[in-house]
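Notes follow the structure.
The values are calculated or read from the model by the stated rules, or taken from the named source; none is laboratory data. As the structure is a computational prediction, the values presented were derived from the model and not from experiment. Cβ placement follows ideal geometry from the backbone for every residue including glycine, while neighbour counts extend to all protein chains displayed.
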Amino acid sequence: MQVLYKSTRGKGETVTASMAILKGLSEDGGLFVPTEIPKLDVPAEKLAQMTYQETAYEVMSRFLTDFTEEELKNCIANAYDAKFDTEEIAPLHEADGAYFLELFHGATIAFKDMALSILPHLMTTAARKNHVSNDIVILTATSGDTGKAALAGFADVPGTKIIVFYPKHGVSPIQEKQMVTQKGDNTYVVGITGNFDDAQTAVKKMFNDHALAAELNEAGFQFSSANSINIGRLVPQIVYYVYAYSRLVGKGSIKAGEKINVVVPTGNFGNILAAYYAKQMGLPIGKLICASNENKVLFDFFRTGTYDRKREFILTTSPSMDILISSNLERLIYRLTGENAEKCAELMQALSEGGEYTITEEMKKGLADFYGNYCSETETKDAIHATYQNSDYVIDPHTAVAAGVYKKYLADTDDHTVTVIASTASPYKFTRSVMDAIADKTEEMDDFALADRLSEISGVKVPKAVEEIRTAPVLHDTVVDAPDMPDTVKKILGIH
Ligand SMILES: *Cc1c(COP(=O)(O)O)cnc(C)c1O
């Protein structure tokens, strides 16, 4: 079966998977969605015998149907290799009454590595297949983790350049240090004076700027996106839900066909959308539990049916979830409208013009798969503390938001279905918040001293990703205002 990709807003053309990966965003501003969600017709017992890489092939080949078997297997082999510090790639850790799916064993110790270690290979393969001769310029807005993971993935990949914009005062010190020390002749890291939404909005605008695209083309460049709106990010994220399910079957924690619940700490709605797609493929998932921090737009949306971004932007200890416009939600909205692109475009227009939209009662019924809740900053800290106290297991603040919301879900529903919590970052990426929750006298220590102390407490070695940046020199120090981002891009590319 050939799966093609069409825009959620209906005006762009229908394209192959490789074209959708190259383009990132449809020209009508919509997101690419598969014309049909393929079924996962492999028995769970069989999946339980497969490696991560083999599972990735089973899942991804069903979505990326214009890639040959050899092409896709090469991409997978180049992505999920010794960059990960465990052969399991995404191990499950049982703690405090749930299974934590550790998605942080890649190069930058956060879950973005799961998709961004394969995206450059998918993209360069897609360029070759479509006879693209321009250099591909990856333009990315990051709330912290995407930036470094994309930089690590694309650094020194021939035929590509990568430009990352991040909110100068909206990421953790370790996140910033990771980015500004990035090596590679094709990497550019730029701080902006606004917040993540400012950066993301400006990037989206550049993608839709036809005059800018023409100027780039003239100079031998074209944009593409490594943000989670790229279908090449979404599809690799479906894999680990299938993998987690099959591991649970493999070790007898569930029977094949038995439902599990999934809890996902959510920002841009990419990770949880991948779980939703896994469910649509036929993976037995019961509830999709969407966990937000104090920027609880999604919680309010699930409760009321109104998505309202007109509110204060709160900086929290889970910065990768500090988002008021969850871009990937558009793909869910599109499904909820019954794939009515016109209706979807209308709602998205209302959001960009008036700052809110409300879905119909009919559409609201489609949200029954989801449960939304949120954790305050105190609740997040308490969840780190409780998980450590109860199970001797240290989790990062993003994962803690999910763990805290899971407790609320249990209290609300008494649903004790076997549950997988997406563990999206290593505690070493957010050592200060983590140590504040589980240790004393942390104020006097710098981030690296905290990492050493965390290692003593948890018995987990300081990851290579943190060791490496202890002494690395700062290579990027540009800071601009959001409105100057297009000029900055032109300057970097030598366009006048
Ligand atoms: C990006 C990120 C999230 C949010 O994932 P979305 O796909 O944007 O919902 C959660 N936790 C961490 C650590 C992240 O890096």
Considering only residues that are of a type in the set (Gly, Ala, Ser), more than 11 Å from the chain's Cα centre (by Cα) and closer than 17 Å to Ile163 by Cβ, which ones fall in the stretch 212-270?
Ala213, Ala219, Gly220, Ser224, Ser225
I want to confirm something. Restricting to the stretch 441-484 and keeping residues that are of a type in the set (A, V, I, L, M) and in contact with a strand residue (DSSP E or B) (Cβ under 7 Å, 6 or more places away or on another chain), which single residue is surrounded by the most Cβ atoms within 10 Å (Cβ to Cβ)?
Ala482
Can you find a residue in the stretch 86-95 that is on the phi > 0 side of the Ramachandran plot and touching a helix residue (DSSP H, G or I) at 6+ places or on another chain (Cβ under 9 Å)?
yes
Regarding the stretch 187-195, can at least one residue be identified that is surrounded by fewer than 24 Cβ atoms within 10 Å (Cβ to Cβ), modelled with pLDDT of 95 or more and within 16 Å of the ligand (Cβ to nearest atom)?
no
I'd like to check something: does the stretch 423-440 contain any residue that is surrounded by fewer than 16 Cβ atoms within 10 Å (Cβ to Cβ), out of contact with any Leu (no Cβ under 8 Å at 6 or more places or on another chain), under 26 Å from Ala244 (Cβ atoms) and among the small types (Gly, Ala, Ser)?
no
Out of the residues in the stretch 7-40 that are at pLDDT 95 or above and of a type in the set (Lys, Arg), which is surrounded by the most Cβ atoms within 10 Å (Cβ to Cβ)?
Arg9
Report every pair of residues separated by at least 6 positions or lying on different chains whose Cβ atoms are under 9 Å apart, first residue within the stretch 415-427 and closer than 13 Å to Val262 by Cβ, second β-branched (Val, Ile, Thr) and near the ligand (Cβ under 9 Å from one of its atoms).
Ile421/Val264; Ile421/Thr399; Ala422/Val264; Ala422/Ile272; Ala422/Thr399; Ser423/Thr399; Thr424/Val264; Thr424/Thr399
Regarding Lys381, is this residue surrounded by fewer than 22 Cβ atoms within 10 Å (Cβ to Cβ), in contact with a Pro (Cβ under 9 Å, 6 or more places away or on another chain) and in contact (Cβ under 8 Å) with a residue 24 or more places away in the chain?
yes
In the stretch 173-183, the residues that are crowded, with 21+ Cβ neighbours inside 10 Å and assigned to a loop (DSSP other than H, G, I, E, B)
Gln182
Considering the stretch 110-164 alone, what residues qualify as being touching a helix residue (DSSP H, G or I) at 6+ places or on another chain (Cβ under 7 Å), away from the ligand (no atom under 16 Å from the Cβ) and assigned to a helix (DSSP H, G or I)?
Pro120, His121, Leu122, Met123, Thr125, Ala126, Ala127, Lys129, Phe154
Please identify the pairs in which a residue from the stretch 131-160 that is under 16 Å from Met485 (Cβ atoms) and aliphatic (A, V, I, L, M) has its Cβ atom under 6 Å from the Cβ atom of a residue that is in a loop (DSSP other than H, G, I, E, B) and within 16 Å of the ligand (Cβ to nearest atom), counting only partners at least 6 apart or on another chain.
Ile138/Ala226
For the stretch 19-74, give me each residue that is outside any helix (DSSP H, G or I) and among the charged types (D, E, K, R).
Glu27, Asp28, Glu36, Lys39, Asp41, Asp66
Give the residue, chosen from Lys259, Lys205, that is more than 29 Å from Asp484 (Cα to Cα) and surrounded by fewer than 18 Cβ atoms within 10 Å (Cβ to Cβ).
Lys259
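Regarding Lys408, is this residue of a type in the set (D, E, K, R), in contact with a strand residue (DSSP E or B) (Cβ under 8 Å, 6 or more places away or on another chain), within 16 Å of the ligand (Cβ to nearest atom) and not in a loop (DSSP other than H, G, I, E, B)? Steps first, answer last, please.
Numbers: of a type in the set (D, E, K, R): yes; in contact with a strand residue (DSSP E or B) (Cβ under 8 Å, 6 or more places away or on another chain): yes; within 16 Å of the ligand (Cβ to nearest atom): no; not in a loop (DSSP other than H, G, I, E, B): yes.
So Lys408 fails the test.
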State yes or no: is His105 buried (at least 20 other Cβ atoms within 10 Å of the Cβ) and either of a type in the set (Gly, Ala, Ser) or in contact with a Pro (Cβ under 8 Å, 6 or more places away or on another chain) (or both)?
yes
The stretch 286-316, residues that are basic (Lys, Arg) and under 22 Å from the mean Cα position of the chain (by Cα)
Lys287, Lys296, Arg309
